Amino acid sequence: MNIGKMHVSEQVLAYLRKEIMLNRYKEGEHLKESQLSSELNVSRGPIREALSKLEAERLVKRLSNGRTVVGKFDIEDIRNLYDSRILLEKHALTQISPEALEKDKHLLYLYIQQMQDSFDNQIRNVDADMEFHALLVGMTSNQSLIQLWHSLNGMIQTLIEVTSTILESRQQEIIEEHLVVVDALAIGEVEKAQELLAQHLKSASDHYCQAVMELNLGGKIG
């Protein structure tokens, strides 16, 4: 694989994260900087930076002998990731002021429309999906919440990308799940919005777990 020159470490990070999630790099496998540098045609600096970020995400671990090996990524990790996201985003809904909602509500609907337009053209708009949730959290102006959400963002986005073909049939349902959350917020029903958001994310977690099982166990990797 030939990695482009712009934002090299981020491209390396996204590539390695995806390969680990798809089980192409096996748990315990030694990730050698020199080998990855040669395979990806980049210097060792971006490789080292990407591995450091993957360690923070617990997708790799550094052993006492200095070796970096692939960590565990399985169904339990997906559930833990989404349990954290549910807690964070549900709390965020309680922190959005009426003024912030009035100011940015149209953007939430805009992202939903972008998702719908892409779906109508048989495309999954992952960016619009992520921007929707980022805005929900961003509207709180709570920097701690925002930072926590962004720390999960990379793994979530990669998970969506690697399972998108398997979950194509659920795209319209996903769009509608976003819409009812905003509709509830718009009329001041925060608790209902929380419940709907939690249902949406729990459903996403269940479907991603099933999709990853199919990818890893169903002979569809390649």
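The values are calculated or read from the model by the stated rules, or taken from the named source; none is laboratory data. Since this is a predicted model, take the numbers as computed values, not measurements. So basically every Cβ, Gly included, is an ideal-geometry build from the backbone, and we count neighbours across all protein chains shown.
So, in region 90-100, exactly how many residues are out of contact with any helix residue (DSSP H, G or I) (no Cβ under 6 Å at 6 or more places or on another chain) and either of a type in the set (A, V, I, L, M, F, W, C) or crowded, with 16+ Cβ neighbours inside 10 Å (or both)?
Result for region 90-100: 2.
Hand me the list of helices (runs of 4 or more DSSP H) wholly inside region 13-112 holding 1 or more residues that are among the small types (Gly, Ala, Ser) and at pLDDT below 95.
Numbers: elements: 33-40, 44-56, 75-94.
The qualifying helices (runs of 4 or more DSSP H) are 33-40, 44-56.
Does Leu185 qualify as being more than 30 Å from Asn23 (Cβ to Cβ) and assigned to a helix (DSSP H, G or I)? Give the derivation first.
On the way: more than 30 Å from Asn23 (Cβ to Cβ): yes; assigned to a helix (DSSP H, G or I): yes.
Yes; evaluated as a whole, the condition is true for this residue.
Quick one: Gln122 ticks every box in (1) out of contact with any Asp or Glu (no Cβ under 9 Å at 6 or more places or on another chain); (2) more than 26 Å from Asn23 (Cα to Cα); (3) outside any helix (DSSP H, G or I) except a single one, so which number is it?
With respect to (1) out of contact with any Asp or Glu (no Cβ under 9 Å at 6 or more places or on another chain); (2) more than 26 Å from Asn23 (Cα to Cα); (3) outside any helix (DSSP H, G or I), Gln122 is out only on (1).
When you look at Ala193, is it surrounded by 19 or more Cβ atoms within 10 Å (Cβ to Cβ), in contact with a Lys or Arg (Cβ under 6 Å, 6 or more places away or on another chain), modelled with pLDDT of 95 or more and of a type in the set (Gly, Ala, Ser), yes or no?
Values: surrounded by 19 or more Cβ atoms within 10 Å (Cβ to Cβ): yes; in contact with a Lys or Arg (Cβ under 6 Å, 6 or more places away or on another chain): no; modelled with pLDDT of 95 or more: yes; of a type in the set (Gly, Ala, Ser): yes.
So Ala193 fails the test.
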